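Undergrad: One structure, as structure tokens, below. Some questions next.
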There are 2 protein chains.
Amino acid sequence: MSELTIMDDLRHILLSGDADKLLNLISNEHPADVAALLPDFSAEEIGTLLVMMPLDVRADVIGYFSIELQVDVVLTLDQDILIELIREMPNDERADLFNQLPLEKQQQLMSDMKKSERDDIFKLASYSEDRVGSIMTSDYAVVDAKMTAVQGIDFLRKTGADKETIYITYVVDGARRLIGTVSLRKMIMADPDEKIAHFMTTDPVSIHADEPQEEAARLISRYDLLALPVINGGDKLVGIVTYDDAMDVAEEEATEDIHKSATVGKLESGLRAASPFSLYRSRVMWLVVLVFANIFTGAGIAYFEDTIATHLALLFFMPLLVASAGNAGSQSATLMVRGLATGEVSGKDWFRLLGKEVLVAGALGLTMALAVMAVGILRAGIDIAVVVALTMIIVVLVGSLIGLGLPFLLEKFGSDPATASTPLITTIADVCGVLIYFGIASWYLSDVIKAPI
Amino acid sequence: MSELTIMDDLRHILLSGDADKLLNLISNEHPADVAALLPDFSAEEIGTLLVMMPLDVRADVIGYFSIELQVDVVLTLDQDILIELIREMPNDERADLFNQLPLEKQQQLMSDMKKSERDDIFKLASYSEDRVGSIMTSDYAVVDAKMTAVQGIDFLRKTGADKETIYITYVVDGARRLIGTVSLRKMIMADPDEKIAHFMTTDPVSIHADEPQEEAARLISRYDLLALPVINGGDKLVGIVTYDDAMDVAEEEATEDIHKSATVGKLESGLRAASPFSLYRSRVMWLVVLVFANIFTGAGIAYFEDTIATHLALLFFMPLLVASAGNAGSQSATLMVRGLATGEVSGKDWFRLLGKEVLVAGALGLTMALAVMAVGILRAGIDIAVVVALTMIIVVLVGSLIGLGLPFLLEKFGSDPATASTPLITTIADVCGVLIYFGIASWYLSDVIKAPI
């Protein structure tokens, strides 16, 4: 069925209140697909449709909305329906939602919940949003090391219904310190009477709740984990991060890095959902900063006004020289920033990479010098062609080295190396390019008796 | 233990051939960590160390190497050791490795393998490297819909040992067509005597082996799958893609997009491992193309030489105006390219986004015009300040719209929208910026009786 027909049906269901028709319509759809149909409706309409769905479907569907839409929608729901929904949601998602609700709504909800529910929400909601604690869930499964394999499986059958996963289970001591993990696969494959203590993995990979969330994603990807246990200050197990949350984090982080490298600030939602004002705010700061940075390039040109006035033909080559420095620089910077982000490259590789970069950039500069030399001779004679070719080699080398060095420097000073990488390097390369070009031109052409213009 | 100490120990083990010491050293290390230690050794040395490890560890460790290093290392191994290793490797990894071996080595290996092994390798190795077929494994678990839950679990216990996962199993008909999937969790939680047919998921999400591999990653992420079944032309189940391979694909794709957007071509390995020549080759093409594209900017400047000669003060503002057009354009392009890549934005959003972009870019242009107006008055008087401010509004708007439009156009013509996005847009914005700036200046300043220089 086409998306348009479904939208018409949904509109009809809203008018008629025909819940059976809705169930019929969505019964074969994945919650992610149902959620994708709804954002074109108003928050009230979405609320009405959600209430017609069974509770478990409702809790699944809302989890696929952006957090802003979740807030808008739940604020249209009656208090008792909201409580029911919040109880049904996975506890990492409900903590995120709770965090974004207005304070008075938070207080209303709290007064209607049990103490254990309140404590769980408070615990998860207390981590700031870029930390591991904010993406973990406390619905993990636990088994006892003294159980046999078959007892472990039976225990999971009884306790596992509302756990995030039963494929990886955790073994803790009396103080809830993590002492091992065991996969359901191992329990199935083991001799039924073998004790879990004998085949569990001791000393498992884990992460602290205060670490950055992308570190959790990196560990899960590196060790191909289904879930990563999260511990707090006292080495106590407090939650797990599952691979599907890690995938979302990795995608968010890549988007943030890509945006950052083009001076686009953090957006709470995607491009399509973002308001004009939030887009403006995310873009304006760096644009203005770079305007003022470019004044230096203008000043460089102004400084060489006499040389330019005498050799106006030089201007023809300025854009391609300056752009080449910037382009080569952003290539190096991009390679470096991504290498640092994926962990392929680290600070200790700096000298090895420097040597390689000099070689590569030298070869690139030489290639491009040959290309512009031909254009230069045709357009402006041999003298200016020499200046242009010489400049090209130097600016490509300088641009590349700036591109290689700046991300390292930013990291050293505690900034994200992705920050503004491309435009910042282009701007720095612009200034250097202009100074080098007209510097060489002034020096070389002042020796030439008659300038070829 | 520090990494340096371990490296020293490994060097010592190489000299002494003390396999026990090696086992001792790596017994508590994850294969990914062992693999990370080795690339500083020569291929022969790595081969020697691998042969000292137990076969299963050896097969795990080599899977974490880059494919180039895998090839270099296995070419140092004796034929019988290589056959043993290839048999032990997961069959998606061994097909990838096989694909990269020299032809004569492939033939030697084939003649020493069983027909079923040969067929499996040929099948998997026949897909080109960016397709789903190349990342799938044929080691998936199958159950029968007529089995009860407890029979299904018993069957997995017997047949599951060498399967990639037993947490998701597949139900096929006599012609091996996929008719359902069932999770081990459901089997554990179900009434032991309930038939799998009753609780399996019919009509599961699946993908064709010829689809692009990033589409598999997108489906796994969207539906939070542990594994995605892969079918061929006849709807037959031919393999599965697991979440951990999807994570690797998503990371590779993000890296490729990030590189592409800065005109860096495809690299077979990471920055650290890449040879100077492969880096040169990945960067040179676009740099040279952009040099020639920038000749248009130079020609634009040359066209307005008279205006420039009369008002040399105009040159001071050229870099910041041209750069602002490029920066605003690459912001828009970056937002758009990433939105298209993550699926948040699609072609049908174009008009809605256009309206929003005009609003945002107009506001950005106005803000920046105010900023440069002040500089303009101080530096060059009111007339040039007006020209500069007016130009700023127009070039930011034009740059942003080019940035918004070009990725859509590239996609329409079947190119990847990420291709060269930033430098290409900067270059186009340069040309437009120069023409608009000096165009406005010629028109406006020719009306001014006395030019303020």
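Undergrad: Excluding residue A:372 itself, calculate the net charge of residues whose Cβ lies under 15 Å from the Cβ of residue A:372, where each Lys or Arg counts +1 and each Asp or Glu counts -1.
TA: It works out to a net charge of 0.
Undergrad: Using only Cα atoms and rounding to the nearest 10 degrees, what angle (0 to 90) does helix B:3-16 make with the longest principal axis of chain B?
TA: Value to nearest ten degrees: 50.
Undergrad: Report, to two decimal places, the Cα Rg of the stretch B:1-144 normalised by 2.2 N^0.38 Å (N = number of residues).
TA: 1.12
Undergrad: Follow-up question, since we're still on this one. Determine which residues of the stretch A:105-141 fall in the zone a paramagnetic label at residue A:208 would reach in this model, i.e. backbone nitrogen under 20 Å from the point 7 Å along Cα→Cβ.
TA: Correct set: A:123-137.
Undergrad: Structure shown: which of B:21/B:158; A:158/A:186; A:266/B:260; B:123/B:158; A:105/A:236 lie over 24 Å apart, alpha-carbon to alpha-carbon? It would help to have the intermediate numbers written out before the result.
TA: Values: B:21/B:158 35 Å; A:158/A:186 19 Å; A:266/B:260 22 Å; B:123/B:158 26 Å; A:105/A:236 32 Å.
Checking Cα-Cα distances, B:21/B:158; B:123/B:158; A:105/A:236 exceed 24 Å.
Undergrad: Across the residues of B:165-175, average count of Cβ atoms on other protein chains within 10 Å? The partial results should precede the final answer.
TA: Details: counts 3, 6, 9, 0, 0, 0, 0, 0, 0, 0, 0.
Whole-number average of other-chain Cβ neighbours for B:165-175 is 2.
Undergrad: Compute the signed sum of charges (Lys and Arg +1, Asp and Glu -1) over the other residues within less than 15 Å, Cβ to Cβ, of residue A:352.
TA: Details: positive: A:348, A:356, B:272; negative: A:344, A:349, A:357, B:40.
Local net charge: -1.
Undergrad: Order by neighbour count: B:353, B:97, fewest other Cβ atoms within 10 Å first, most last.
TA: Fewest-to-most Cβ neighbours within 10 Å comes out as B:353, B:97.
Undergrad: Counting each pair of different Cα atoms once, what's the Kirkwood radius of the protein assembly as shown in Å, rounded to one decimal? Before the final figure, lay out the partial values.
TA: Numbers: mean 1/r = 0.0326 Å⁻¹.
Computed over Cα pairs of the protein assembly as shown, the Kirkwood hydrodynamic radius comes out at 30.7 Å.
Undergrad: Per the Cauchy relation, a quarter of the hull surface: what is the mean projected area of the convex hull of the alpha carbons in chain A, in nm²? Each step should come with its number before you reach the end.
TA: Numbers: hull surface 120.8 nm².
Approximately 30.2 nm², given one-decimal rounding.
Undergrad: Okay, moving on. Consider all pairwise Cα distances in the stretch A:361-453 and report the whole-number % of them above 22 Å.
TA: 38
Undergrad: Mean separation of Cα pairs under 8 Å and 6+ residues apart, divided by the residue count of the stretch B:190-328: what relative contact order is that in percent? Don't jump to the answer; show the numbers that get you there.
TA: Details: 85 pairs, mean separation 17.5, N = 139.
Rounded, it is 13 percent for the stretch B:190-328.
Undergrad: Enter the mean number of other protein chain beta carbons within 10 Å of the beta carbon of each residue in A:264-270, as an integer.
TA: What the average comes to for A:264-270 is 2.
Undergrad: Which of the aspartates and glutamates could a cross-linker span from residue A:114 if the Cα-Cα distance has to be under 19 Å and same-chain partners fewer than 8 positions apart are dropped?
TA: Answer for residue A:114, where 19 Å is the Cα cut-off: A:78, A:80, A:84, A:88, A:92, A:93, A:96, A:104, A:139, A:162, listed by chain and number.
Undergrad: Something else about it: Would you mind computing, in nm to one decimal, how far apart the modelled labels at residue A:111 and residue B:358 are, each placed 7 Å from Cα along Cα→Cβ?
TA: The answer from the label model is 5.0 nm.
Undergrad: Take the Cβ-Cβ distance between residue A:72 and residue A:292 as r, set R0 to 51 Å, and report the resulting FRET efficiency rounded to the nearest 0.05. Walk me through the numbers before you get to the answer.
TA: On the way: r = 39 Å, r/R0 = 0.76.
After rounding to 0.05, the efficiency reads 0.85.
Undergrad: Counting only other chains, and only Cβ atoms inside 10 Å, what mean value do you get across the residues of A:11-24?
TA: Values: counts 0, 0, 0, 0, 0, 0, 0, 0, 0, 0, 0, 0, 0, 0.
Taking all residues of A:11-24 together, the mean is 0.
Undergrad: What's the Cα-based Rg to Rh of the stretch B:272-407, Rh via Kirkwood? Don't skip to the end; give the middle numbers.
TA: Values: Rg = 18.6 Å, Rh = 17.3 Å.
Ratio of gyration radius to Kirkwood radius: 1.07.
Undergrad: Using only Cα atoms, tell me the angle between helix B:350-412 and the longest principal axis of chain B; keep it within 0 to 90° and round to the nearest 10.
TA: 40
Undergrad: Further question: How tilted is helix A:149-159 with respect to the longest principal axis of chain A? Cα atoms for both, answer in degrees (0 to 90, nearest 10).
TA: Orientation of helix A:149-159: about 90 degrees from the principal axis.
Undergrad: Another question about this same structure. Give the Rg/Rh ratio for the stretch B:149-245, taking Rg as the radius of gyration of the Cα atoms and Rh as the Kirkwood radius, to two decimals. Before the final figure, lay out each step's value.
TA: Details: Rg = 13.6 Å, Rh = 14.0 Å.
When Rh is taken as the Kirkwood radius, the ratio is 0.97.
Undergrad: Hey, another quick one. Straight-line reach from residue B:348: which lysines have a Cα under 22 Å away, not including same-chain ones fewer than 8 places off?
TA: Within the straight-line limit of under 22 Å, residue B:348 reaches these lysines: B:356, B:412.
Undergrad: Moving to a separate point now. Extension gain residue A:348-residue A:56, at 0.36 nm per residue separation less the Cα-Cα distance, in nm? Walk me through the numbers on the way to the answer.
TA: Numbers: separation 292, 0.36 × 292 = 105.12 nm, distance 5.08 nm.
The span from residue A:348 to residue A:56 would gain 100.0 nm if fully extended.
Undergrad: Among residues other than residue B:207 whose Cβ falls under 13 Å from its Cβ, what is the net charge (Lys/Arg +1, Asp/Glu -1)? Don't skip to the end; give the middle numbers.
TA: On the way: positive: B:131, B:218, B:222; negative: B:210, B:211, B:214, B:215, B:235, B:245.
For residues surrounding residue B:207, the net value is -3.
The numbers here are math on the coordinates, done by the rules we state, and not lab data. Since the model is a prediction, treat every value here as computed from it, not as a measurement. Every residue, glycine as well, gets a Cβ built from its backbone with ideal geometry; the counts of neighbours run over all protein chains shown.
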